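Throughout, read-outs are computed from the coordinates displayed, never taken from laboratory work. Everything numeric here is computed off the predicted structure, so don't read it as measured data. All Cβ positions, glycine included, derive from the backbone under ideal geometry; neighbour counts span all protein chains shown.
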Amino acid sequence: MPQYPDLLKPESEQRIVLPSGLEVELPKTSPLFRKWTDPLPADTYNKKPVLEFNGEMVFAELAILRIFERDGWEGRWIDSFSNKYRIGYWGEDTTKDLPARQTAIPSWDSIRALANCEGGCFDVFCWRGGSVMFAEAKWKAHDTIRLAQRQWLQTALDAGIPLDSFLIVEWGFDSPRTGKSRPPLSKELQLSVFRRDGWICRWCNRPVIFAPVMKYLERELRKSGRIEPLSYYHAHWTRDGAPLLDELGAVIDHVEAFSAGGTHNKKNFATACNKCNGRKSATPIAEWNKRFQRKPIKGKYGEPQHWDGLSALFLILAQRDRSGLTASERDWLKVLGEAVADCS
Ligand SMILES: [Zn+2]
């Protein structure tokens, strides 16, 4: 069972009665997602719940797809209602056909036929190496498994797809206790946490990296004529697309998970690397300290005093050409610029 991403590790089973009368138990995981707190776009696909994943506005199916992508899988949201294979929803280039061939998967043709928009297929179809995965998104207490899906599941199992290639993702919002979604963190506050912690992961003590800098490093190399694949930056910090960020991208973590009653203030925030953040997820802090923490790094000659996560480099590179900056990067530029001015 090692193939599931950390954030979607099954922790229980869902019993499903197939149309034939046979009962199967599918691996089930129950992640908590954040509600999108900024204004909603006009089109929310007939009022589907809108979530935030890594700063991106997504539906649950896309959040699940992103988690797999970050773990090196490729995949599609099988959108049966509009009969499309999706990799996004808003913006350009949001649909993409399934590849005609996957050499690592000899039975690709029959699997491809199963990943069909019309046949009750599970919502998210992914593949990596020789493995495939079908994940079904269920909003906790809102959705159930439909008959068409049970029929499809029977066909897929009959075709020889193993049980651990399926996953029921029964997701909920990450603040069931209060019913409130957590407010977004300002960039000023994020930066003050990163600087307070010296850009070091609270959990494993590894130095973290300010992710936007990698995009601009890649841009510099492109400008100087390099055309080879670089894997410096990928919007979703996937392992294949941005191995450094997949490990060490800087994020803000709640020490006590917000969903477990942790407060939303600076004392409860910690700098974390992407790996620890993914592992910790909503694990209560006592449990995390006992079980999951990565082995902390110890420096023979002491701890770093001047590491800045390459944030100063971002300031220089991003200022060279402001034309391509996203709104979020412009904010960072402003906040980092002010922080530098404060120090001088
Ligand atoms: Zn870490």
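Please list, in chain and number order, the residues 5+ apart from Asn116 or on another chain whose amide H is under 5 Å from its amide H, with Hs placed from the backbone.
Cys121
Mind running the shape call on the range 62-114? Use the C-alpha gyration tensor, a ≥ b ≥ c as the square roots of the eigenvalues: rounded below 1.5 for a/c, prolate if a/b tops b/c, oblate otherwise.
Taking the square roots of the gyration eigenvalues as a ≥ b ≥ c, the range 62-114 is oblate.
Of all beta bridges DSSP finds with both residues in the chain, what is the antiparallel percent, to the nearest 5?
75 percent
For the chain, set up a Gaussian network in which alpha carbons nearer than 10 Å are linked by springs, and say which option among Gly120, Gly72, Gly261 fluctuates the most.
Gly261
Would you mind checking which residues have amide H under 5 Å from Arg202's amide H? H placed 1.01 Å from N; only 5 or more apart, or other chain.
Those qualifying (amide H under 5 Å, at least 5 residues apart or on another chain) are Thr271, Ala272, Cys273.
What does the C-alpha gyration tensor say about the overall shape of the range 116-262? Classify as rounded when a/c is under 1.5, otherwise prolate if a/b is larger than b/c, or oblate.
Oblate, since a/c reaches 1.5 and b/c is not below a/b.
In the range 10-89, which chymotrypsin sites (Phe, Trp or Tyr not before Pro) fall in coil by DSSP and have 11 or fewer other Cβ atoms within 10 Å?
Here the sparse-neighbourhood loop sites are Phe81.
Please turn the phi angles of the range 238-253 into ³J(HN,Hα) values with the Karplus equation 6.51 cos²θ - 1.76 cosθ + 1.60 (θ = phi - 60°), one per residue in order, whole Hz, x for glycine and proline.
Values per residue, Gly and Pro as x: 6, 5, 6, x, 7, x, 5, 5, 3, 8, 10, x, 7, 9, 9, 10 Hz.
Within the range 1-75, report the GluC sites (Glu not before Pro) that DSSP leaves as loop and that have at most 10 other Cβ atoms within 10 Å. If you can, show how the numbers build up before the last one.
On the way: sites: Glu11, Glu13, Glu23, Glu25, Glu52, Glu56, Glu61, Glu69, Glu74; in loops: Glu11.
Qualifying residues, ordered by number: Glu11.
Which ³J(HN,Hα) values, rounded to whole Hz and listed in residue order, are derived for the range 127-137 from phi using the Karplus coefficients 6.51, -1.76 and 1.60 in 6.51 cos²θ - 1.76 cosθ + 1.60 with θ = phi - 60°, glycine and proline given as x?
9, 7, x, x, 9, 10, 9, 10, 10, 10, 8
Which longest run of the chain has no exposed loop site in it, a site being trypsin sites (Lys or Arg not before Pro) in a DSSP loop with at most 15 other beta carbons within 10 Å, and the site itself not part of the run?
With a cap of 15 other Cβ atoms within 10 Å, the longest stretch comes to 227-293.
Can you pull out the GluC sites (Glu not before Pro) in the range 261-340 whose DSSP state is coil and whose Cβ has at most 13 other Cβ atoms within 10 Å?
Qualifying residues, ordered by number: none.
Placing +1 at every Lys and Arg Cβ and -1 at every Asp and Glu Cβ, with all other atoms neutral, what dipole size does the chain have around its Cα centre, in debye to the nearest 20?
Approximately 940 debye in magnitude.
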